[in-house]
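Read-outs throughout are calculated quantities, based only on the coordinates presented, and are distinct from any laboratory measurement. As the structure is a computational prediction, the values presented were derived from the model and not from experiment. Neighbour counts run over all protein chains shown; Cβ positions are idealised from the backbone, glycine included.
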């Protein structure tokens, strides 16, 4: 239900009273939507369990809305892709998120840590390599 104007809110409360939850609890979804429609209160059914239909849709994959990767630890991984387009900025969904510690040596080495320091930190449980 979306009462976006004061008039719609007034119509909603005229229909549902002071406790809308109690009012609608005894109704089916179809009955509630019909009642709201008759009283000119905008409403729409909530779509539940949409993750699988979204991820199984080949048109969504072709549009880059989801993608699949082979992850180092978890095997095949499917994730939501990009819902935006910044035009001149390229977006690449061509690799999975890293496994824990997968790039630690490279990143920390770039910050000046040598191999012996990294090995000591890993042995102390501070980082994962």
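Computed from the C-beta positions of residue 34 and residue 78, the FRET efficiency with R₀ = 35 Å rounds to 0.40.
The helix-only estimate of mean residue ellipticity at 222 nm for the chain, built from DSSP H runs of length n ≥ 4 each weighted as -39500 (n - 2.57), is -10500 deg cm²/dmol after division by the residue total.
Can you give the FRET efficiency to the nearest 0.05 for residue 60 and residue 99, using r as the Cβ-Cβ distance and R₀ = 25 Å? Could you put the intermediate results ahead of the total?
On the way: r = 26 Å, r/R0 = 1.05.
Computed FRET efficiency for residue 60 and residue 99 comes out at 0.40.
Bin by bin, in steps of 5 Å, what percent of the Cα pairs in the range 50-97 do you find, going until the bin that has the longest distance? Calculated P(r), rounded to whole percents: 5, 20, 27, 23, 16, 7, 2.
Panel order for 83, 54, by other beta carbons found within 10 Å of each beta carbon, from fewest to most: 83, 54.
A Förster radius of 35 Å, combined with the Cβ-Cβ distance separating residue 126 from residue 50, puts the computed FRET efficiency at roughly 0.25.
Based on the Kirkwood approach, the hydrodynamic radius assigned to the chain is 20.3 Å, with every pair of different Cα atoms included. Once you reduce the range 64-129 and the range 1-31 to the center of their Cα atoms, the two points are 48 Å from each other.
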